[in-house]
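Okay, structure first, notes after.
What follows draws every value from the coordinates through simple rules; no lab data is involved. This structure is a prediction, so every number in the text was calculated from the model and none was measured. Heads up, the Cβs are rebuilt from the backbone with ideal geometry, glycines too, and the neighbour counts pull from every protein chain shown.
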Amino acid sequence: MTIFQWGRRLLAGAILAFPLAAAPPAQAETVIGSNIDSRVLLGFEVEGAKLQDMMPEGWTAVSFPSGPTQGVTLLLSLEDRFLARDADGAPRPEWNSRTVALLALGKGEAGVRLFVLKAYSSLEGEGFFGNATSASVLRHTETDGPASGARSRVEQWSAVTATGEALTVDLAFQSGRPVWGERELAVYSNIDPDRVVLNAYEQLVDVAMSAAMGKPLDGTLSMTNTLPEWADVFDGSERLRVVMDIPVYVRTQMLP
């Protein structure tokens, strides 16, 4: 088991925009559904060689080139789905769920793409990208503080597989003023790099920490991992580069 912690300090290096992984120009896109989530993103600097076995053939793991995530090579996305809807806007039978996903940017002959490397989901099955594992995904969250100004936030997550291996996150931080934005983003499967979903989304983002922006984490983060497929990645050598709190995430998904 690996255990690692970060405190109130600025980590060296730089980090999250997705300028090279933007969605291709709109053509005859087919809406397949939409969702409303709350998310937390953690970005790490990891040696590219440790991610290479998880990248599709012909693709090389690279770091994010600019923005708050400049220097990040691995994203850990903690996703709490409040409402999932089908293409007609009706709630899906499994209308809420939780997922812990790991993503990385890859470079190949076709350019630069954002790949989902693995997901641990409270839903059954391998998911759209073909790389999900069913797991018990739990979340505990707290917000405390004044009506106006910074508030103390706590995010505790765990993803536990049927065989008992787990990834846990315990994050505490002071919130700041969030920013509302929108964009389009194409996300690909590492199992089949031709399998892609186009995301058009709006989100409320609080950058709680970014090395690239010179903003340290006002709080603490601790993690434990016993998932064997991530033992070499989360071995204590990874460096935290960015923390983003996304309390509101509204997305429409499309196929090209």
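Anisotropy class assigned to the stretch 102-229 is oblate, per the alpha carbon gyration tensor with a/c at or over the 1.5 cut-off and a/b no larger than b/c.
Here are labelled values, (i) 34; (ii) 47; (iii) 41, and one is the computed percent of Cα pairs over 25 Å apart for what I pasted. Which one? For percent of Cα pairs over 25 Å apart, the calculated option is (iii). Taking amide H atoms as placed 1.01 Å from N in the peptide plane, the amide H of residue 118 lies under 5 Å from those of 102, each 5 or more residues away in sequence or on another chain.
Taking a straight Cα-Cα cut-off under 16 Å and skipping sequence neighbours fewer than 8 places away in the same chain, the lysines within cross-link reach of residue 118 are 50. Descending by average beta-carbon neighbour count within 10 Å, the peptides 153-160, 74-81 line up as 74-81, 153-160, the highest first. Ellipticity at 222 nm from helices only: DSSP H runs of n ≥ 4 in the chain, each -39500 (n - 2.57), divided by the residue count, give 0 deg cm²/dmol. For the peptides 60-71, 116-127, the ranking by packing is 60-71, 116-127, with the highest mean count of neighbouring Cβ atoms within 10 Å listed first.
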